1. Please identify which residues in segment A:126-168 have an amide N closer than 15 Å to a label point set 7 Å out from the Cα of A:Lys249, following the Cα→Cβ vector.
2. For the protein assembly as shown, what does -39500 (n - 2.57) per DSSP helix run (n ≥ 4), summed and divided by total residues, give at 222 nm, in deg cm²/dmol to the nearest 500?
3. Which FRET efficiency, nearest 0.05, do B:Asn40 and A:Asp334 yield, Cβ-Cβ r, R0 35 Å?
4. Taking the highest mean first, how do the peptides A:188-198, A:283-293 order by number of other beta carbon atoms within 10 angstrom per residue?
5. If one computes P(r) from the Cα atoms of segment B:27-158, what percent of pairs lie at distances over 20 Å?
6. Could you tell me how far the Cα centroid of segment A:254-323 sits from the Cα centroid of segment A:100-145, in Å?
7. With chain A treated as a Gaussian network of Cα nodes joined by springs under 10 Å, which of A:Tyr329, A:Tyr179, A:Tyr159 yields the largest mean-square fluctuation?
8. Test of understanding: express the Cα radius of gyration of chain A as a ratio to 2.2 N^0.38 Å, with N the residue count.
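Coordinate-derived values only; no laboratory data. Nothing here was measured: the structure is a model prediction, and the numbers come from that model. As a convention, Cβ positions derive from the backbone with ideal geometry for all residues, glycine included, and neighbour counts pool all protein chains shown.
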Amino acid sequence: MTDSNTLSHLDLETPEKPFLDANELVINMGPQHPATHGVLRVILRLDGEKVLGLECVIGYLHRGVEKIGEHRTYTMFNPYVDRMDYVAAVSNGLGYCETVEKLLNVEAPPRAQHVRVILTELNRIASHQLWLGTHALDIGAITPLFYTFRDREEILKIYEKYCGARLTTHAFRIGGLQYETYTGFEKEVQNFLTFFRPKIDEYEELLTTNRIWVERTRNVGTISAQDCIALGVTGPVLRASGVKWDLRKAQPYANYKNFDFEIPTGQNGDTYDRYLVRMAEMRQSVRIIEQAVEALPEGPIMAKVPKVIKPPVGEVYHSIEAPKGELGYFIVSDGSTQPYRVRVRPPSFVNLQALDLMCRGQLVADVIAVIGTLDIVLGEVDR
Amino acid sequence: MIAKLKGAYGSGIEPLTYAGQNYMVVDRSLIPEILQVLRNEEQFDYCVDITALHYPAREKQFEVIWVLYSFARNERIRVKTQIVDGESLPSSVPIWPAANWLEREVYDMFGIKFDGHPDMKRILLPEGWKGHPLRKDYGILQQDNEWVQINLGIESGQ
């Protein structure tokens with residue numbers, strides 16, 4: 001082991017005296033570990049089974065997305081953002097397109113905005129489904145994985161029919177949408193909602209009162225609202241700690257202000273509450289999609305955007321509520337066809353910082369649960 | 001708020017707006033104080049992002065940017081400062097613990113050091129890598145071939 005097992009950030013006191021009368025043990029977990037959801041290496045400092053502290057080693061998936069952005073035109077860079085958080089590619093695309101639209105001072109037409117909301121919320125459901133399946137699998141419940149993947153398939157089918165891709169969809173364009181919706185799109189989305197509503201109950205039946213699940217998640221990886229804010233943690237993790245904050249409400253983008261929905265929050269900030277918050281979020285997404293499909297306006301799907309995108313000199317920071325938290329883009333234009341700088345503020349990267357704090361004093365087995373509950377995607381952490 | 005800060009610090013602060021977003025260019029010497037004031041007096045309790053920009057042609061080559069948000073005011077602000085190559089900045093980890101990894105990334109990508117940071121080392125690239133890739137003089141195909149050859153045992157990563 002290198003000297004990197006020293007833990008100095010976050011000046012927290014190391015808990016009590018050693019439980020066992022032995023030296024502390026340093027254990028390496030990952031980078032190839034099935035429960036780290038990608039290539040994440042964690043260096044654990046243990047006292048027997050108890051975690052004294054840990055350090056994350058990241059960067060194994062670093063592809064230099066921000067550097068690539070400086071060498072591509074605004075249009076060419078659009079598909080790259082899908083490859084960051086690849087389970088929520090549509091959200092990434094929405095954030096990027098909206099930021100460039102802000103630089104260009106254009107706004108997507110209402111029909112495009114509605115379709116964007118529908119696809120993004122479907123994506124939130126798909127992302128939460130994938131999270132639920134894998135998180136439950138990590139903790140030892142195999143069944144939810146089959147249920148969630150079965151139902152997620154229906155969302156991917158809608159994407160495939162809409163734009164030809166299932167995962168890295170590249171669904172949006174700067175200024176609106178490239179494709180008009182296919183015939184029967186509304187009907188299919190509505191059918192999905194009817195199909196999906198009872199499925200959430202099914203997931204909850206499997207887990208919410210399941211004794212093993214509750215024992216493994218309650219009071220595990222607890223984080224207070226104050227610590228969340230200090231560490232910049234956003235998304236469901238922040239909400240599960242009791243902070244009612246969602247960018248869709250706080251600083252509405254797209255046309256979220258037209259829809260009626262609630263922000264689910266938790267109280268304890270533990271793994272169980274985060275589970276409940278995400279389940280409730282899926283229900284809220286269903287509500288939003290329902291309203292958006294019903295009120296889907298006719299009209300153009302593309303705003304007037306020049307063929308060659310050349311935003312005026314300036315800089316814009318814009319962020320959206322991705323399934324994992326605040327996803328921000330900071331784009332600086334020097335008036336040419338390529339961005340001078342594209343900075344991505346990834347929610348997973350910042351949220352992962354809290355892993356150390358959340359795992360201290362827990363058992364080794366709980367580290368797995370906490371990595372799962374943070375819902376990180378390493379493609380986005382490392383970019 | 002900006003008027004108040006402007007009143008207190010005078011020419012060290014230049015408030016600007018672009019596309020409806022407020023930001024201010026702050027003199028390097030005022031940075032520690034301004035960040036502290038924003039956190040403690042103006043309630044900017046959430047450090048959203050820290051990043052940098054490289055302008056090789058300028059005398060002060062780097063711009064460092066803090067994106068801050070206040071839950072109480074539901075407001076965002078960006079603080080910007082300009083520094084020369086090799087100059088360091090005070091770490092804001094004592095103000096916002098969230099700055100820890102963000103500052104490490106700025107160091108990794110631009111080579112800007114933050115004084116007083118508890119663990120100032122690379123984060124995305126491996127330890128021992130030479131060069132800071134988001135500098136404009138670092139080519140898009142460029143890499144630390146020596147590191148690749150020693151550590152990966154291959155001629156080149158391309």
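1. The answer is none, because no backbone nitrogen lies closer than 15 Å to the label point.
2. On the way: 19 runs with 215 residues, N = 541.
Helix contribution divided over all residues of the protein assembly as shown: -12000 deg cm²/dmol.
3. The value I calculate is 0.50.
4. A:283-293, A:188-198
5. Working: 4301 of 8646 pairs.
For segment B:27-158, the fraction of Cα-Cα distances above 20 Å is 50 percent.
6. Segment A:100-145 and segment A:254-323 have Cα centres spaced 9 Å from each other.
7. Among A:Tyr329, A:Tyr179, A:Tyr159, the largest GNM mean-square fluctuation belongs to A:Tyr179.
8. It is 1.01.
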